[in-house]
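A quick write-up on the structure given underneath.
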Amino acid sequence: MISFEKYVRAESLQQAYELYQPIKNVVGGGMMWLHLSNAEYDTFIDLCDLGLNEIEEEEDYFKIGSMVTLSQLERNESFKEYFGSAFEDALKHIVGVQFRNCATVGGSICARLGFSDVITLLLPLETEVEFFNRGRMSLEKFLTAPNKRDILKYIYIPKKKRIIRYESVRKTYTDIPVLAICAVKNDDGYLFSVGCRPAIAKLIKPEEEVTFGSNQRGSKEYRQHLYSVLKERMMKEMEEE
Ligand SMILES: Cc1cc2nc3c(=O)[nH]c(=O)nc-3n(C[C@H](O)[C@H](O)[C@H](O)COP(=O)(O)OP(=O)(O)OC[C@H]3O[C@@H](n4cnc5c(N)ncnc54)[C@H](O)[C@@H]3O)c2cc1C
């Protein structure tokens, strides 16, 4: 189990950032992933007093604090208008309601988990992330850039006209996915984000090749087959809409 000598509720982002620089200190979101580690830290930095737990709706985009929980994303009524049922479809399988009431969007992005539904969903929505020190960049760029000790403040999702579908295949309802796909159709055509390949989600056009691998949940060939079937089915459904 994770342990730390000192617990600090940061009073400012500056303080959180400075405290986070030594390797023996750690920042937490909902701690649902972190607490599984056996690491021993000096200081745990809690961001809960920094007002990062709200979803703000602006004219052209949603601004989402990094401490917003997965349940907040799942239940947001304004999201339904712009994203249909995509958030619900992507998040409803993640463990259970109590878990999603604690796990945060910031922790889900910063953990960069290869099986992340959250990242698979957010990538094709042209999501941007804003860090205290590094500033703002696309989620896609963040995922391929080297990881740095920085504090994620906000996530931005533009409001755009598009059709979105989210599908995942799991061995049981709440298991992590064998494969996850988010498909977006907009004026430029289709864009797919393919997650749990079993590597981190990747953005691709329908005509592009995707590489898959094998793990205990499924072989490379099985994932390739699932992807071809789901891609066709999702495109057909979106075409008819
Ligand atoms: C048993 C289990 C099953 C799961 N199944 C799924 C699944 O099916 N699909 C899915 O998508 N996800 C799944 N997850 C992952 C989960 O949804 C969350 O992504 C995960 O718990 C991280 O969120 P958190 O808020 O708990 O982050 P934490 O555990 O608190 O932190 C995770 C990492 O992010 C860093 N971090 C947190 N917040 C910030 C910040 N603001 N700035 C910088 N760094 C930060 C932490 O230092 C840590 O390295 C699962 C997790 C568990 C434990």
Simple spin-label model, 7 Å along Cα-to-Cβ: residue 54 to residue 210 in nm? 3.7 nm
With each pseudo-label sitting 7 Å past Cα toward Cβ, what's the residue 23-residue 240 distance in nm, one decimal? 5.5 nm
For the chain, with a Gaussian network of springs between Cα atoms less than 10 Å apart, report the residue from 92, 63, 161 with the top mean-square fluctuation. 161
Find the eigenvalues of the gyration tensor of the Cα atoms of the range 11-102, then list the square roots of 5 times those eigenvalues as equivalent ellipsoid semi-axes, largest first, in whole angstrom. 28, 18, 9
For Cα pairs less than 8 Å apart in space and 6+ apart in sequence, what is the mean separation divided by the residue count of the range 80-221, i.e. the relative contact order in percent? 25 percent
Sparse-neighbour loop sites [chymotrypsin sites (Phe, Trp or Tyr not before Pro); the range 36-74; at most 16 other C-beta within 10 Å; DSSP]: none
For the chain, what does the relative contact order come out to in percent, with C-alpha contacts under 8 Å and a separation of six or more? 16 percent
What angle, in degrees between 0 and 90 and rounded to the nearest 10, separates the Cα long axis of helix 220-240 from the longest principal axis of the Cα atoms of the chain? 70 degrees
Please give the calculated 222 nm ellipticity per residue for the chain, where each DSSP H segment of at least 4 residues contributes -39500 (n - 2.57) and the sum is spread over every residue; nearest 500 deg cm²/dmol? -7500 deg cm²/dmol
Loop only per DSSP, at most 13 neighbouring Cβ atoms within 10 Å: give me the GluC sites (Glu not before Pro) in the range 1-73, ordered by residue number. 11, 54, 58, 59
Quick one: Debye curve from the C-alpha atoms of the chain, no solvent, what's log10 I(q)/I(0) at q = 0.12 Å⁻¹? -0.69
Could you give the size of the charge dipole of the chain about its Cα centre, using +1 on the Cβ of each K and R and -1 on the Cβ of each D and E, expressed in debye and rounded to the nearest 20? 780 debye
Take the Cα radius of gyration of the range 69-137 and divide it by 2.2 N^0.38 Å, with N its residue count; two decimals is plenty. 1.11
Long-range Cα-Cα pairs in the range 157-205 (distance over 13 Å), rounded percent: 61 percent
A correct fewest-to-most ranking of 1, 235, 32 by other Cβ atoms within 10 Å would be 1, 235, 32
Semi-axes, largest first, in whole Å: what does sqrt of 5 times each Cα gyration tensor eigenvalue give for the range 3-46? 17, 11, 8
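Bear in mind that the values in this text are calculations on the coordinates, not laboratory data. In this text the structure is predicted, and so the values were computed from the model without any measurement. In this analysis, Cβ positions are derived from the backbone assuming ideal geometry, glycine residues included, and neighbour counts consider all displayed protein chains.
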